[in-house]
Amino acid sequence: QITGDQRSHVKAMSYGLAYGLSTYGLAQQLKIAPREAEALKNRYFDTFGKVHDYLESLVANAREKGYTETIFGRRRYFPALHSTNRVAREAAERAALNAPIQGSAADIMKIAMINVHRRFAAEGIRSKVILQVHDELVVDMLRSEQERVAAIVTECMESAAALKVRLVVDYGVGDNWLEAH
């Protein structure tokens, strides 16, 4: 029961804040005054305080260890976290904030794509995954395989990682990407 604008605001804040978006950047993205963006950001963190604590811990842990890790243990190193150059240090902080989140999402997508490929091969599916865009797979699909392809892709994506929250997949079908949305 929310509007498209409300969803866009929350999505922009959730993703933006996880990527280290500044108040000014949030204001620009949402096309609102910086004062209003600051109030939204404060309200967001008041509501989701553990998110703020988690994001702060990512940078602190990276500064201590020198790296971050995805949920699958893939590491990314950040030597610039100790730089005397403020611009380099702040860029490394934003990257350290983002790396475990975006890196874990990328790992999940890679696992899903490998599993889809294996299932297609095992079941003689001729349709092919041709593109990955963030959390989407684009499949060049034979219409005769639509039901099976949808089931395989959904199953492989939803089971790519065992998380505390369930991964849920939506899909669309069309003659081109625009029609499938």
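For region 40-59, which positions are buried (at least 16 other Cβ atoms within 10 Å of the Cβ) and among the basic types (K, R)? Once the filter is applied, which keeps residues that are buried (at least 16 other Cβ atoms within 10 Å of the Cβ) and among the basic types (K, R), region 40-59 yields only K41. Of all the numbered requirements in (1) surrounded by fewer than 16 Cβ atoms within 10 Å (Cβ to Cβ); (2) part of a helix (DSSP H, G or I), F72 misses one, and that requirement is (2). Only residues that are assigned to a loop (DSSP other than H, G, I, E, B) and of a type in the set (F, W, Y) were counted in region 3-24, giving 1. Residue under question is A62, and the condition is that it be in contact with a strand residue (DSSP E or B) (Cβ under 9 Å, 6 or more places away or on another chain), assigned to a helix (DSSP H, G or I), at pLDDT 95 or above and surrounded by 17 or more Cβ atoms within 10 Å (Cβ to Cβ); does it hold? Yes.
When restricted to residues that are in contact (Cβ under 8 Å) with a residue 24 or more places away in the chain and open to solvent by 30 Å² or more (accessible area, probe 1.4 Å), region 15-39 contains 1.
The values are calculated or read from the model by the stated rules, or taken from the named source; none is laboratory data. None of these values were measured; they are calculated from a predicted model. Please note: Cβ atoms are built from the backbone with ideal geometry, for glycine as well, and neighbour counts cover all protein chains shown. Heads up: the accessible areas ignore ligands, DNA and RNA and are worked out on the full protein's heavy atoms, side chains in. Shrake-Rupley method; radii C 1.70, N 1.55, O 1.52, S 1.80 Å.
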